[in-house]
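Visitor: Attaching a single structure in structure tokens format; questions to follow.
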Amino acid sequence: MLRDDDLAIAVIDALPLQICVLDTDGAITAVNRAWKDDAERDGAHRLVNPIGINYLDVCRHATGDASEEAMPFARGLQAVLAGEREEFEIDYACHSPTALRWFLVRVTPLRRRLEVADQPDARGPLVGAVVSHMNITDRKRIEADFARLAATDPLTGLANRRFLDIFAPVELSRFHRFGSSLAVLMIDLDRFKEINDAYGHAAGDEVLRHVAAVGQASFRSCDLFARLGGDEFTCVMPKADITEAGIAAERFRSALAASPASFAGHAIPVTASIGVTVASPADRELEDVLHRADAALYQVKTGGRNRVWIAPADGTWPMPAGIRRRSSFPVRP
């Protein structure tokens with residue numbers, strides 16, 4: 001017959017979770033086999049046999065990947081050790097030298113068992129806590145894949161409108177906070193419907209993928225080139241002034257005009273009209289910037305296509321009648 005202590009050791013050693021037991025001061029009094037194996041794989045020799053190390057002190061002096069979560073974890077652990085909480089959990093990144101990893105750590109109180117015949121649920125005195133670490137790397141990777149898919153246009157692989165709704169306001173906020181520059185381009189393909197009518201929708205899809213490739217080669221890596229929907233694209237350019245944005249827009253326009261898309265043996269000419277503007281201190285919302293870029297695009301579309309039109313940030317140019325403010329990124333039919 002196994003003693004209770006031997007049984008407990010056998011059980012926690014059989015678990016795949018990395019487990020340690022703490023006393024009420026936060027010192028480690030026991031760890032299981034999975035804990036030791038993980039420490040050996042990571043080369044963390046100090047933690048292979050960590051008996052006596054204070055877990056709270058380790059958290060308070062943490063650096064590196066998991067340091068941001070270390071203090072909230074230490075507070076939650078302290079609350080369980082003080083009897084103020086019955087459990088606490090948090091997920092955190094803890095990357096090894098060879099792999100990206102995430103864990104869910106859970107803290108539960110450890111109490112001495114009471115032998116009270118008429119009170120089977122009686123709680124004994126608090127003597128410490130049990131800390132378990134579950135590897136949730138696979139779950140995090142799946143979540144990241146879903147997030148990436150939700151923010152990506154499936155046809156072109158570019159960022160989509162949903163991602164822009166997150167990214168662009170952050171850049172506008174940074175523009176106001178640091179006084180840097182911020183440019184926005186609105187891009188519309190010329191006579192795209194005629195391409196679909198002449199060559200079919202499969203050819204139209206190939207044209208859109210071709211435009212995406214040309215844009216990614218033309219703009220900076222820090223710029224966000226995105227498809228808004230249909231044949232409309234945009235580019236948000238952090239730290240770009242009006243001259244730099246105009247040069248980038250013309251570089252993209254000329255590269256696109258010089259490289260027809262290829263589909264089923266056909267060379268399909270593609271051109272684009274582009275409206276350019278930059279943010280100003282008076283722009284309180286992203287739609288203020290988009291309104292000017294869209295108005296500049298309107299000028300191109302009504303004046304000949306396949307050109308770049310620059311709208312000054314101060315708005316001291318005549319806005320065409322019929323241009324209205326948009327509550328979100330515009331998508332033309």
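Visitor: Here's a check for you: in the stretch 71-94, which residue that is in a helix (DSSP H, G or I) and touching a residue at least 24 places away in the same chain (Cβ under 8 Å) is farthest from Leu126 (Cα to Cα)?
Guide: Phe73
Visitor: Could you list, in sequence order, the residues of the stretch 2-43 that are in a strand (DSSP E or B) and charged (D, E, K, R)?
Guide: Across the stretch 2-43, the qualifying residue is only Asp23.
Visitor: Name, by its number, the condition in (1) in a helix (DSSP H, G or I); (2) crowded, with 19+ Cβ neighbours inside 10 Å; (3) within 22 Å of the chain's Cα centre (by Cα) that does not hold for Gly246.
Guide: (3)
Visitor: All but one of (1) without any contact (Cβ under 8 Å) to a residue 40 or more places away in the chain; (2) under 22 Å from Pro125 (Cβ atoms); (3) part of a helix (DSSP H, G or I) hold for Glu68; which doesn't?
Guide: Looking at each condition in turn, Glu68 falls short on (2).
Visitor: Pairs under 6 Å by beta carbon, first residue more than 30 Å from Ala279 (Cα to Cα) in the stretch 243-269, partner of a type in the set (Asp, Glu) and modelled with pLDDT of 95 or more, six or more apart or different chains?
Guide: Listed pairs, sorted by first residue: Ala261/Glu206; Phe263/Glu206.
Visitor: Also, I was wondering about something else. Tell me, which residue of the stretch 256-312 that is part of a loop (DSSP other than H, G, I, E, B), exposed (fewer than 15 other Cβ atoms within 10 Å of the Cβ) and hydrophobic (A, V, I, L, M, F, W, C) is farthest from the chain's Cα centre (by Cα)?
Guide: Ala264
Visitor: Could you look through the stretch 226-243, keep only residues that are closer than 17 Å to Arg305 by Cα and not aromatic (Phe, Trp, Tyr), and pick out the one that is farthest from the chain's Cα centre (by Cα)?
Guide: Ranking the candidates gives Asp231 first.
Visitor: Determine which single condition Ala213 fails, assuming it passes every other condition in (1) touching a helix residue (DSSP H, G or I) at 6+ places or on another chain (Cβ under 8 Å); (2) surrounded by fewer than 21 Cβ atoms within 10 Å (Cβ to Cβ).
Guide: Every condition holds for Ala213 apart from (1).
Visitor: All but one of (1) surrounded by 17 or more Cβ atoms within 10 Å (Cβ to Cβ); (2) of a type in the set (S, T, N, Q); (3) under 33 Å from the mean Cα position of the chain (by Cα) hold for Asn32, so report the exception by its number.
Guide: (3)
Visitor: I've got another one for you. Quick one: would you say Ile19 is surrounded by 15 or more Cβ atoms within 10 Å (Cβ to Cβ), touching a residue at least 24 places away in the same chain (Cβ under 8 Å) and β-branched (Val, Ile, Thr)?
Guide: So Ile19 fits the description; yes.
Visitor: If a residue must be loosely packed, with under 11 Cβ neighbours inside 10 Å and hydrophobic (A, V, I, L, M, F, W, C), how many such residues does the stretch 145-159 contain?
Guide: Looking only at that region, the number is 3.
Visitor: Which ranges mark the strands (runs of 3 or more DSSP E) fully within the stretch 118-229 that have 2 or more residues being in the same structural domain as Gly265 (by TED's automatic domain parsing) and out of contact with any Leu (no Cβ under 8 Å at 6 or more places or on another chain)?
Guide: Once the strands (runs of 3 or more DSSP E) in the stretch 118-229 are filtered for at least 2 residues that are in the same structural domain as Gly265 (by TED's automatic domain parsing) and out of contact with any Leu (no Cβ under 8 Å at 6 or more places or on another chain), what remains is 182-189.
The values are calculated or read from the model by the stated rules, or taken from the named source; none is laboratory data. None of these values were measured; they are calculated from a predicted model. Cβ coordinates were reconstructed from backbone atoms using ideal geometry, including for glycine residues, and neighbour counts include every protein chain displayed.
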